1. Which far-off residues, 5 or more places away or on another chain, put their amide H under 5 Å from the one on B:S99, with H placed in the peptide plane?
2. Taking the Cβ of B:V284 as the center, what net charge do the other residues with Cβ under 11 Å away carry, scoring Lys and Arg +1 and Asp and Glu -1?
3. Distance check, please: which entries in B:K77/B:K137; B:K270/B:K316; B:K50/B:K139 exceed 25 angstrom between their Cα atoms?
4. Given region B:110-265 reduced to its alpha-carbon atoms as identical point scatterers, what log10 I(q)/I(0) does the Debye formula return at q = 0.10, 0.15, 0.18, 0.21 Å⁻¹?
5. Which order do B:E119, B:E257, B:E131 take when ranked by solvent-accessible area (1.4 Å probe, heavy atoms of all protein chains), largest first?
6. Tally Lys and Arg at +1 and Asp and Glu at -1 over the other residues with C-beta under 15 Å from the C-beta of A:Q407: what net charge comes out?
7. May I ask you to compute the full-extension gain from A:A247 to A:F279, defined as 0.36 nm times their residue separation minus their alpha-carbon distance, rounded to one decimal in nm?
8. Counting each DSSP H run of 4 or more residues in chain A as -39500 (n - 2.57), what helix-only mean residue ellipticity at 222 nm follows after dividing by all residues, to the nearest 500 deg cm²/dmol?
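The values are calculated or read from the model by the stated rules, or taken from the named source; none is laboratory data. Predicted model, so just to flag it, every value in this text is computed and none were measured. Positions of Cβ are generated from backbone atoms using ideal geometry, with glycine treated the same way; all protein chains shown enter the neighbour counts. Accessible surface is based on the protein model in full, side chains and every heavy atom, while ligands, DNA and RNA are left aside. Shrake-Rupley method; radii C 1.70, N 1.55, O 1.52, S 1.80 Å.
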Amino acid sequence: MEQTSRHGFPAFVKDVIVWNVTGGFGLQLYRLLLILGMGVGIYAYSFQARYGLSVTGMGDIVSWGLYISNFTFLVGVAAAAVMLILPAYIFHDPDFHRVVIIGEGVAVGALVMCLSFIMVDLGGPLQAWHLIPGIGQFNFPSSILAWDVVVLNGYLLLNGLVPLYILYNHYHGRKADERKYRPFVFLSIFWAFSIHMVTAFLYQGLPARPFWNNPLMGPRFLASAFAAGPALITLALAIIHHVTGYAIDRKIFQKLRLIIVVSAIINLIMLFSEIFKEFYFRTHHSISAAYLFFGLDGHNSLVPWIWTSIMGNIIATLILAFNPGKDNPKVLLPASGLLFIAIWMEKGIGLIVPGLIPSPLGEIVDYLPTWVELCVTLGVFSLGLTVVTWLIRAALIIEDKYEKSSQ
Amino acid sequence: MIKPKKDDEAAELEISPSAHNSRRNFLKGLSIAAAACSASLVTGCLPDVKAESGEKFALQWKEYFKKHYRLMTQQEKEETVARLERLAKLQSGLDLQISTRAPRENVLYGYAFNITRCEGFMECVAACVKENNLDRKTKTQYIRVFEMKPGQLDPSTGDGKYFHEVPVDNKFYMATQCFHCENAPCTKACPTKATWREPDGIVVVDYDWCIGCRYCQAACPYFGRRFNWGKPSIPKEEVNRKQHYLGNRIRPMGKMEKCTFCIQRTREGKLPACVEACPTGSRVFGNLLDPDSEIRFVLKNKKVFRMKEDLGTDPKFWYFID
């Protein structure tokens, strides 16, 4: 690939596209699978477009389900990029500087998934323009959902434009001017915290739902995100290390492990604090937690789900904390994967669904996603993975060449 | 797993004429066709299907880009109502009268419910379903009636699914609906200002402005809101044609709806359908600003309470005991 001699934005865009449609057999197969996943999602969504959300498992009592659960969790994954940005740009950690672009790629992919999950959850997606200030009616600052629209799109912009600026310069063999992008990096650090706090406030601000109306919600969102996000990035880095020529230093995995362990332990402490509050002296407000952990009146579909998640959480945290493999990837990677899945289970379905059960009038129903919801979710995940793959592949090729040319 | 079944397709038609009525509809259709033919003879052109679907498309196009109800001038309100009425005519042959009647001066609506008198007949529910064009397929109802054991006052401890002869000895009945809170959590939550509290105290939804995110439903502490998960279906002959833009007009799919104190009736000076239907006189409705109203009498002379007073939502709906 000799294209580095080319100049200008059209050449940059063209090269990014070329890199992302060419590649070996494995890469093409992987792309085919992603396209297949998106196709399944579009097919399933066509049912939703025709028959409305009645083809989902949701109803007037459990009015948010799998989509909003995944949205909530993925906001955390997006926010977690800050755990790479902070050491890389602020503390000038050279190890993190090499991988920060990957973290930003993951963040952009996660945000695309977040916004897609919101779109597929809307009853009137064609009316979404009513949200755009100027042509629509934006209920800001009263509605926390309006805040969320602002912070999510702002974070997407920040995490898209800063890497774009750096990569565009490196593509042309120039050094990116740090004075120009540094203020935006600072902004994006504060912004990362804000997307997560605001998303937590979405739930925390509802006195109608005692399970959510809890001041620990925001901080716990952050702790679980800073565990799950770096866990995912660990896995992504391991994959990149194995399938591309872009070598990742071992030290990065060690540092990431530390970040994960600290966050996971804080997360578990807060979880314990919540469980204590709900069950030491049971009140009327503990009823959703009782449904989640023990079931109510024979309705117990979430009980095995949440206990699996908690067990996974504890086991993964212990493994990562005591590090029995001495940073052996064969121990580290499965533990990171387990932690990621456990937090996804707990902070997705395990957080959203029980908040709505029982209804404010005390009625208990169980929620099970339908095949439409599962397939649309698969489609959105495929879309997110596609975005991440595109961004990271382009970034790594540019960075690799830039490193070689500047040596 | 929910598979869209065949009968879903039938339900996709917003208005489904029932079988026993088809002959009458046929004759009616025939007379309309005859009228249309004679009209076309007069004007010298044949009514073709294309022109009609073109008109429908033009109307829907204009409807799609219309403004938020509260930002419309009176003329714009009249225009959208004309479009909606024409669309209903084209799509289902219904002659609707959609009102945009503004709130009355010096009126603040309030509601009181007598838990001593109510015997759980659910006449109010039936009247509400009919009056407000609620979806028959999913059996949507704004009003829920709970059968309660003595010693309890929270509907969440009662039975909302009772199905037996009423009244039952040693039980009492408590109904819920939207309480039209003064400090409503739902209106605060809406990201597009598609739901708000009118000057007469009625919390309404602009169905065409709602994006269907359901945040208001999560925010409501009283389970006062209902979502149109599919397209609502109402037998054609049962459609209430006297409608209000913010009230009982047939909701589009994917939008939120709720009790509006029968805005289409109350703004005309009538009582809500539930109040009129109640055989025991348990329901009291009126103007809180009128010192001589029945609702003011109840608030002054009876022992009243409200649900979840601790949340500070300030509902305009009181329960009372004789």
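1. Answer set, sorted by chain and number: B:Q243, B:H244, B:Y245.
2. Local net charge: +3.
3. B:K77/B:K137; B:K50/B:K139
4. Debye curve over Cα of region B:110-265, log10 I(q)/I(0) at q = 0.10, 0.15, 0.18, 0.21 Å⁻¹: -0.37, -0.83, -1.14, -1.40.
5. Descending order: B:E119, B:E131, B:E257.
6. Taking every Cβ under 15 Å from that of A:Q407, the sum is +1.
7. Once the chain is fully extended between A:A247 and A:F279, it gains 6.6 nm.
8. Roughly -24500 deg cm²/dmol at 222 nm, from the helical runs in chain A.
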